[in-house]
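First the structure, in the form of structure tokens, and then the observations on it.
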Amino acid sequence: MADDAAPKLINRLLPEDEYTHTPDAAANYNESMYFNVFDHATQVGGWFRIGNRPNEGYAEMSVCLYLPGGRVGFMFARPKISNNDEMNAGGLRIEVVEPFKRLRLTYDGKVCLMPRPFEMANPSKAFRDNPQVDCRVELDYEGVSPMYGGETVREDGVPREIDPEKSFAKAHYEQHVAAKGVFTVAGETYPIDGFGLRDKSWGPRHWSAINWYRWCPINFGRDFGMMLSIVTGADGAPHEGGMVFADGAYDLISECKMDTDWDEHGYQTDLRASVKTGGGKAYEVTGKVLSLIPLRSRRTGPDGTELNTRITEGMTEYRCGDLVGYGLSEYLDQIVDGKPSGMGA
């Protein structure tokens, strides 16, 4: 029998959510903004993230540029912060010009320039063996789609109760975007006129809270894109979702089946996805990874267990019918006995 007294849940997203929130009391409170962009003509692209952790006194700052010849420029830092007032840390700054419509991103700092980005599997060695060069990024982002997501709250506006130790985020939204600007790396300039996806999340986060996921943001042009998502929790049950952006609206994905080819390192090289939507559409999508960098997050769990989360970030060329597009294949796995938890799933 259904519990008639159970509170009804709704999805809420307000223009002010584009700005920072008052942090929860949870020690692992995180508020992050993420952007990517890929220029279809030049196959140059990148992604950027600031994750404020004000209750821990630092931010996570990442810059990743995919450059000609398979080179990758990458930087990660944990600059100190004392509040959650803005998205501005470690040389990376994100400004909201007009909520849901226009944002500006700049970076002024260094990147580790790697001709062999697989070396980032051992970060200390990669940073030691490769040059750190000057980098400047200037990008103006424009929302080309509606917003997807928000915060799930009770009908009376009261937030849900969540366990901070098992949380990845309490609120999350995404949007397909266009971006124009320039990358300047070691004196070389790369004009950018492309497409991508951005997201925003806030609430308690541990990277190890998810068993594994596959996240594939894709753009085939200004008017057609996708976000394919398969996420598993601790129980290992996959949850398929995402959306297709077409005809100016989002058609939510009801089924997403994905097969992956792997190399000897356990990194994705190719993928095939069969997608069905709530609107009755079906799509077959293939992806070929052009350049990939492996990243990781490590922490000790409450029971003393050493947790190792690997995130492989692949710039990927996608095909859907006769269309060719670009985006990312981001694969997160817990490394258990030396193997990614979702490999072969």
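The values are calculated or read from the model by the stated rules, or taken from the named source; none is laboratory data. Nothing here was measured: the structure is a model prediction, and the numbers come from that model. All Cβ positions, glycine included, derive from the backbone under ideal geometry; neighbour counts span all protein chains shown. The protein model used for the area step is the full one, side chains on, heavy atoms only, and it has no ligands, DNA or RNA in it. Shrake-Rupley method; radii C 1.70, N 1.55, O 1.52, S 1.80 Å.
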Original post:
Taking the chain as a Gaussian network, where each spring joins two C-alpha atoms under 10 Å apart, which residue of Val96, Val177, Val275 fluctuates the most?
Top reply: Val96
Original post:
How much of Lys101 can a 1.4 Å solvent probe reach, expressed as accessible area in Å² and rounded to 10?
Top reply: 110
Subject >> Two-decimal ratio, region 222-270, of alpha-carbon radius of gyration to 2.2 N^0.38 Å >> reply: 1.44
Subject >> Gain on full stretching of the segment that runs from Thr305 to Arg102 - 0.36 nm per residue minus C-alpha separation >> reply: 68.8 nm
**OP:** Using a 1.4 angstrom probe on the protein heavy atoms only, line up Leu92, Leu14 by accessible area, largest first.
**Re:** Leu14, Leu92
Original post:
What is the gain in length, in nm to one decimal, between Thr286 and Asp129 on full extension, counting 0.36 nm per residue of separation less the C-alpha to C-alpha distance?
Top reply: 53.0 nm
Subject >> Listed residues Thr20, Thr309 arranged by accessible area, highest first, probe 1.4 Å >> reply: Thr20, Thr309
Subject >> Highest-fluctuation residue, Arg310, Arg78, Arg298 considered, GNM on the chain with Cα pairs under 10 Å >> reply: Arg298
**OP:** Would you please give the residues with an amide H less than 5 Å from that of Arg102, counting only those at least 5 places away or on a separate chain, with H modeled from the backbone geometry?
**Re:** Val97, Gly143
Subject >> Cross-link reach list, aspartates and glutamates versus Lys339, counting only Cα pairs under 14 Å and skipping chain neighbours closer than eight places >> reply: Asp263, Glu264
Subject >> Directionally averaged projected area (convex hull, Cα atoms, the chain), nm² >> reply: 18.3
Original post:
Counting only residues 5 or more places away or on other chains, whose amide H sits under 5 Å from the amide H of Trp212 once H atoms are built in the peptide plane?
Top reply: Thr232
Original post:
Taking amide H positions as placed 1.01 Å from N in the peptide plane, with prolines and chain starts having none, which residues 5 or more places from Ala171, or on another chain, fall under 5 Å of its amide H?
Top reply: Trp202
Subject >> Gap separating the Cα centres of region 204-279 and region 91-123, nearest whole Å >> reply: 23
Original post:
What size of dipole, in debye to the nearest 20, comes out for region 67-162 about its Cα centre when the only charges are +1 on Lys and Arg C-beta atoms and -1 on Asp and Glu C-beta atoms?
Top reply: 580
Original post:
Rounded to the nearest 500 deg cm²/dmol, what is the calculated helix-only ellipticity per residue at 222 nm for the chain, with -39500 (n - 2.57) per DSSP H run of length n ≥ 4?
Top reply: -500 deg cm²/dmol
**OP:** Pop out the ³J(HN,Hα) list for region 65-70 in order, Karplus 6.51 cos²θ - 1.76 cosθ + 1.60 with θ = phi - 60°, rounded to Hz; leave Gly and Pro as x.
**Re:** 10, 9, 10, x, x, x
Original post:
What number, in percent, do you get for the relative contact order of region 177-246 if the mean sequence gap of Cα pairs under 8 Å and at least 6 apart is divided by its residue count?
Top reply: 22
